[in-house]
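Undergrad: Quick one: this structure, given as structure tokens, is what I'll be asking you about.
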């Protein structure tokens with residue numbers, strides 16, 4: 001596809017890698033493309049990073065017609081740059097778009113957009129292991145009307161943020177509270193879509209947990225309020241009596257790309273992996289009997305996040321002695337090794353820029 005590029009006349013200075021943090025520093029440019037019903041996508045362009053202008057009646061501001069993705073560009077030891085399973089992100093974004101009645105992207109066009117954008121902003125890909133250039137593609141409806149209907153006008157954008165190591169001081173297991181009041185989403189809703197409303201709806205419970213000294217909440221399903229779904233904004237996995245268990249995708253759980261990758265790595269390592277319903281009663285029973293050997297969240301930002309304590313009601317349970325477990329460590333080492341090019345990619349997941 002043809003992409004018009006207008007370069008900034010005031011290039012910024014890349015901050016020191018130990019000062020990056022996450023999502024606070026942005027690259028010099030952004031990608032923008034517009035859509036109109038009957039016309040399709042048009043005017044693909046890369047322009048200097050800056051603010052955007054919206055009509056006050058834009059659909060996204062009133063009805064939440066918005067989706068996004070998150071993936072990273074990694075710097076290899078040889079100086080090259082690569083992405084990790086970008087087509088999975090593109091396909092998931094289209095699934096989200098379909099759910100939210102937003103226009104779909106051509107897969108090859110989307111991959112070309114990612115490629116050309118990263119090539120232009122390559123100097124912002126940091127070099128230290130654990131750091132990355134975080135890519136945030138997003139799409140929103142901008143019909144200039146207050147009527148509720150399928151989106152007829154939309155904008156697709158891509159911005160990027162050089163980010164520091166998620167575990168700058170080492171992997172520390174987190175404390176998690178099982179949430180029994182709020183729910184993240186429900187079957188038939190938007191749980192499998194990556195849209196902002198899911199995250200906005202989750203913040204109240206997260207804040208309550210934080211005030212009690214917990215990092216995040218473990219969500220239960222919104223129908224029966226008994227089955228484990230996600231942990232915070234991540235998928236979750238457990239090692240129970242030798243078996244790896246992760247909640248099955250019922251439509252209310254985001255189909256994580258890190259989750260999918262973990263499953264494939266674990267199976268190749270020889271572990272039995274079960275995608276099934278896991279009730280909170282079964283989980284508590286495993287905690288009390290000592291059969292719950294490890295627990296961890298998995299997602300793009302952290303890769304894996306070990307769970308050291310789980311609280312349910314007025315009881316708190318220690319998991320894996322409060323330390324990162326053997327399987328969790330293996331997953332982290334394997335996935336990060338592939339992502340940063342330290343290990344051979346035997347799965348065919350890496351896309352070199």
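Undergrad: Of all residues in the stretch 245-257, which are in contact with a strand residue (DSSP E or B) (Cβ under 6 Å, 6 or more places away or on another chain) and surrounded by fewer than 22 Cβ atoms within 10 Å (Cβ to Cβ)?
TA: 248
Undergrad: Right, here's the next one. Need the failing condition index for residue 274 against (1) part of a strand (DSSP E or B); (2) crowded, with 20+ Cβ neighbours inside 10 Å, just the number.
TA: Residue 274 satisfies all of (1) part of a strand (DSSP E or B); (2) crowded, with 20+ Cβ neighbours inside 10 Å except (2).
Undergrad: Go through the stretch 309-341 residue by residue and tally those that are surrounded by fewer than 14 Cβ atoms within 10 Å (Cβ to Cβ) and assigned to a loop (DSSP other than H, G, I, E, B).
TA: Within the stretch 309-341, residues that are surrounded by fewer than 14 Cβ atoms within 10 Å (Cβ to Cβ) and assigned to a loop (DSSP other than H, G, I, E, B) number 2.
Undergrad: Please pick out the residue among 130, 191 that is part of a loop (DSSP other than H, G, I, E, B) and either surrounded by fewer than 16 Cβ atoms within 10 Å (Cβ to Cβ) or modelled with pLDDT under 95 (or both).
TA: 130
Undergrad: Still on this structure, I have one more. Between 225, 208, 204, which is part of a loop (DSSP other than H, G, I, E, B) and either without any contact (Cβ under 8 Å) to a residue 12 or more places away in the chain or over 19 Å from residue 293 (Cα atoms) (or both)?
TA: Being part of a loop (DSSP other than H, G, I, E, B) and either without any contact (Cβ under 8 Å) to a residue 12 or more places away in the chain or over 19 Å from residue 293 (Cα atoms) (or both) holds for just one of 225, 208, 204, which is 225.
Undergrad: Please go through the stretch 269-301 and pick out each residue that is touching a strand residue (DSSP E or B) at 6+ places or on another chain (Cβ under 7 Å) and within 25 Å of residue 163 (Cβ to Cβ).
TA: Across the stretch 269-301, the qualifying residues are 296, 297, 298, 299, 300.
For (1) surrounded by fewer than 21 Cβ atoms within 10 Å (Cβ to Cβ); (2) within 19 Å of the chain's Cα centre (by Cα); (3) assigned to a loop (DSSP other than H, G, I, E, B), each residue gets a yes or a no:
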| position | (1), (2), (3) |
| --- | --- |
| 18 | yes, no, no |
| 55 | yes, no, yes |
| 87 | yes, yes, no |
| 90 | no, yes, no |
| 94 | yes, yes, no |
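The values are calculated or read from the model by the stated rules, or taken from the named source; none is laboratory data. Values in this document were obtained by computation on a predicted structure and should not be read as measured data. Note that each Cβ is placed from the backbone with ideal geometry, even for glycine, and that neighbours are counted across all protein chains shown.
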